[in-house]
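In what follows, a structure is listed as structure tokens, so that the remarks can point back to it.
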Amino acid sequence: MSVLVVLEQTGGKWNRMSWETFVAGQQLSAEMGVDLHVAVPGSGIGVLAAEAATKKCAKVYAVEHELLKDYTADAYTAAVEGLIRATNPALVLFPHTYQVRDFAPKLATRFSQVLISDVIAVRMEAGSPVFVRLLFQGKLNGDVRVSGGGPYFASLQAGAFRVDALEVGSAVVETFTPALDASAIRQKAEAPFRESARAVDLTAAEIIVSVGRGIKEKENIPVVEELAKALGAEMAASRPICDAGWMPMERQVGSSGQTVSPKVYMAIGISGAIQHLVGMKGAKTIVAINKDANAPIFEVADYGIVGDLFEVIPALVEEVKKAKG
Amino acid sequence: MKIIVAIKQVPVRDSQLRVEGAWIQESDLSFEINEPDAYALEEALQLKEKHGGEVIALCAGPARATQTIREALAKGADRAIHVETSEENLSTLDTLGVARLLADSVKAENPDLILTGLQSDDLGYGQTGVVLAELLGIASSTIIMQVEVKDGAIRVKREMEDGWFQHITMPMPAVLTIQSGINKLRYATLMGIKKAKSKEIRLVKPAELGAATAKIEKIYVPQKNKQTQIFEGDAKQAAAKLVEKLKFEVRVI
């Protein structure tokens, strides 16, 4: 019996959420009284596997194959499936990344299991894990229990476990060569690219005024722009606003946009879906203005005003101007 | 090209949710199409306009889902398959259970492409499409921002983190999960709404539902870990208090 943590790397570079998942593996394997195994899938990943082995775990598997060089759903599913069948873990943990969302559900299906995705906490009850996950865009939490023969699969949201709790150790590295068949890999991947050089670098901004669905119409954006101007702040937006073309994509904050940590982040009419929160919760001070007192954005806000933004923002502009003299 | 679009009906976005048992109280809620699924439907309609063929809306849900299915037909889907579950089923079934229902109901259709939203706004597991592909034994790709059909294959633009993208080519049939914002949504026309009334909705009643392996035991409002200072009063008063904080404590004004 073991807990297996599957770390993520791309082109020899770690996805930093991997380490948080490592911590989860250390804590849960200790509570379950089983070994922790860690897998690093890829090609030419010896150095990374050796680095993983400096953290506390029983064994690191370098899941090494040239067909794992570029990520594809089919190759990664087959490779990790092979390792699971060979090592028979009780619980398999992943970071909740875009890549994991692409292949881990497929993998779980091969074991007639469901990937418990987007998990924010795990607790042990009577020897079996209870997963806490977000529901309804973060408005509610749900406790999920898994049954059946296992193994159980879960992907952990960023911030669910603290990376500074990672314990060091010295583990053995074992190379696992999965049986992969090039003709069974249906996806042909091209090199990743960015749309254009980023014209707007929000990461340097001291104050960010960010707008969400609460703005209702494109024509209303200037209401918030007034505030940004008064504060000397950069404008940003949540994904739906950029999707609708009301603000340029390059001003998007969140998992698919920029990650920012300004001195002040003002979230205006933003409900606070997790995809947005991961992009801004590192801000020093968070201000939320929203008409819904139950909006998840208030979970992370230091200061809040519950009210109609079309009344609050003009009042705020006036007060800021007054304060600046 | 035969395209199936799997859509889900979810509570409208700004609903006030009340917990009831291990689910929410649904009786006083309104429902609408899951937003990413609306983009998947639009993408299917645009692919049909470009390449010809047929768009079939597929929806698992209780009787109330008929309204969402009709709206998909009004926007231009040619026909629909409604896997009718009881009210309780969809909150107790796990994704594997739902995907099995969907897989059973589309097998005989032999579609070239199955599109669905990348995740649902209610449960948010974000995997029904991928599981469906695995059950059908076909390829999949997720979080898609562009779809091109070329010589019996498809080339898609997959979104990655931090503004990165990647093109992936794969053979058809395939399942794609569509990201919000991939296209511009259309409205149903009056003519469309009229036509929808005579379009076929094939009703499938699942014989037996297997037990879920993943069960929601309890749902609840998240406990707040952070102390948020809420400024009360009318807009002017609240604004004044906030500016005072920003000036004298946060010191950014």
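What follows draws every value from the coordinates through simple rules; no lab data is involved. Treat the numbers as computed from the prediction; the structure is a model and nothing was measured. Cβ: placed from backbone, ideal geometry, glycine included. Neighbour counts: every protein chain shown.
A few remarks follow.
- Euclidean distance of C-alpha centroids, segment A:244-288 and segment A:101-148, integer Å: 26 Å
- What separates the Cα centres of segment A:17-69 and segment B:53-132 is a distance of 37 Å.
- Charge context of B:Glu249, other residues only, Cβ under 13 angstrom, K/R +1, D/E -1: +4
- Taken over segment B:2-204, the ratio of Cα radius of gyration to 2.2 N^0.38 Å equals 0.98.
- Put simply, the Cα atoms of segment B:4-72 extend 47, 22, 18 Å along their principal axes, the longest span coming first.
- Violating pairs (Cα-Cα greater than 22 angstrom) within the set A:Lys322/B:Lys245; A:Lys229/A:Lys321; A:Lys281/B:Lys8: A:Lys281/B:Lys8
- In segment A:186-267, the inverse of the mean reciprocal separation of distinct Cα atoms equals 13.6 Å; this is its Kirkwood hydrodynamic radius.
- The convex hull of the Cα atoms of segment A:202-324, projected and averaged over all directions, covers 6.4 nm².
- Order of A:Phe193, B:Phe248, A:Phe94, B:Phe165 under a 10 Å beta carbon neighbour criterion, fewest first: B:Phe248, A:Phe193, B:Phe165, A:Phe94
- Rounded to the nearest 5, the antiparallel percentage of DSSP beta bridges internal to the protein assembly as shown is 35%.
- Listed residue pairs exceeding 26 Å between alpha carbons, taken from A:Lys216/A:Lys284; B:Lys2/B:Lys197; A:Lys13/B:Lys157; A:Lys139/B:Lys195; B:Lys50/B:Lys195: A:Lys216/A:Lys284; A:Lys139/B:Lys195
- Ordering A:Met266, A:Met249 from the fewest to the most neighbouring beta carbons within 10 Å gives A:Met249, A:Met266.
- Semi-axis lengths (Å, descending) of the ellipsoid that matches the C-alpha gyration tensor of chain A: 41, 21, 18
- The three principal axes of the C-alpha atoms in segment A:2-184 carry coordinate ranges of 42, 37, 29 Å, sorted with the longest axis first.
- Averaged over A:34-40, number of beta-carbon atoms from partner chains that fall within 10 Å: 0
- Among A:Trp14, B:Trp23, the order by Cβ neighbours within 10 angstrom, fewest to most, reads A:Trp14, B:Trp23.
- Annotation: average projected area of the protein assembly as shown is 26.2 square nanometres, based on the convex hull of Cα atoms across all directions.
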